[in-house]
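The values are calculated or read from the model by the stated rules, or taken from the named source; none is laboratory data. A quick note: this is a predicted structure, and the numbers were derived from the prediction, not measured. We place every Cβ from the backbone using ideal geometry, glycine too, and count neighbours over all the protein chains shown.
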Amino acid sequence: MATSVGTERRLLGPGGLLNTKYHKVALVVFGVIVVGHWAEHLVQAYQIYVLSWPRPKAGGVLGLFFPVLVSSEWLHYGYAIVMLVAFVVLRHGFTGRSRTWWNAAMWIQVWHHFEHLLLLVQAMTGAYLLGAKVPTSIAQLAFPRVELHLFYNAIVFIPMVVAMVYHRRPRSAEAELMRCSCARVLTPAVA
């Protein structure tokens with residue numbers, strides 16, 4: 001009996017509350033965080049391409065009020081690790097096609113996280129990749145940082161959204177395996 005109570009109260013894992021009872025709420029919170037991050041990058045791109053601001057001055061909305069925060073590798077790394085942890089923790093609630101797409105987004109985020117970890121280590125040690133003057137990621141050797149982060153966010157966001165759509169609209173076999181209440185309940189048509 002103590003085992004079943006302990007299992008029901010668990011927060012993480014396949015049968016944990018974040019993948020059963022609170023999966024829908026956790027996905028909404030995660031979605032709000034992701035959209036907020038997207039908004040920052042889109043505002044930054046707008047500042048560069050529409051307003052013609054110099055790149056160092058274009059820091060999104062947060063950068064207007066807290067420029068040191070946006071230039072900190074800790075903020076970017078913190079977001080990357082939060083994303084990765086959310087992908088890992090919430091994946092147990094997905095089944096079938098939605099799980100495949102969620103896993104794709106998660107593995108892309110693993111690489112994105114690695115790039116941010118590399119940037120953070122360089123910022124902390126002062127030893128920059130291939131003699132660069134600033135912390136530089138591997139992909140940043142070929143692509144500018146603002147455009148690269150728009151790209152990374154897009155290639156993580158697209159499979160994440162596909163996963164959420166499939167999760168909300170599962171096939172019947174997928175719905176039978178679901179342990180959360182995320183599936184949209186379709187009401188039968190009234191004759």
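Collect the residues in the range 1-19 that are surrounded by 13 or more Cβ atoms within 10 Å (Cβ to Cβ) and either modelled with pLDDT under 75 or within 16 Å of residue 168 (Cβ to Cβ) (or both), keeping them in residue-number order.
Residues satisfying the conditions are 12, 13, 19.
When you look at residue 166, is it more than 17 Å from the chain's Cα centre (by Cα) and buried (at least 17 other Cβ atoms within 10 Å of the Cβ), yes or no?
Yes: the conditions hold for residue 166.
Name the pairs: first residue in the range 1-24 and under 15 Å from residue 86 (Cβ atoms), second residue modelled with pLDDT of 75 or more and polar (S, T, N, Q), Cβ to Cβ under 9 Å, at least 6 apart or on different chains?
12/19; 13/19; 23/181; 24/181
Mind telling me which of the residues 61, 70, 89, 85 ends up being within 11 Å of the chain's Cα centre (by Cα) and surrounded by fewer than 19 Cβ atoms within 10 Å (Cβ to Cβ)?
Details: 61 fails: within 11 Å of the chain's Cα centre (by Cα); 70 fails: within 11 Å of the chain's Cα centre (by Cα); 89 fails: within 11 Å of the chain's Cα centre (by Cα).
Just one listed residue meets the conditions, 85.
Report every pair of residues separated by at least 6 positions or lying on different chains whose Cβ atoms are under 9 Å apart, first residue within the range 53-76 and farther than 17 Å from residue 42 by Cβ and free of Cβ contacts under 8 Å to residues at least 40 places away in the same chain, second outside any helix (DSSP H, G or I) and not hydrophobic (A, V, I, L, M, F, W, C).
66/59; 67/59; 69/59; 71/59
Being buried (at least 19 other Cβ atoms within 10 Å of the Cβ) and of a type in the set (Ser, Thr, Tyr) is true for just one of 181, 172, 98. Which residue is that?
Residue meeting the stated conditions: 98.
Checking the structure you have, find out if any residue of the range 40-49 is assigned to a loop (DSSP other than H, G, I, E, B), polar (S, T, N, Q) and more than 20 Å from the chain's Cα centre (by Cα).
no
Sort out which residues of the range 115-149 are part of a loop (DSSP other than H, G, I, E, B) and buried (at least 18 other Cβ atoms within 10 Å of the Cβ), and write them in order of number.
Once the filter is applied, which keeps residues that are part of a loop (DSSP other than H, G, I, E, B) and buried (at least 18 other Cβ atoms within 10 Å of the Cβ), the range 115-149 yields 135, 136, 137.
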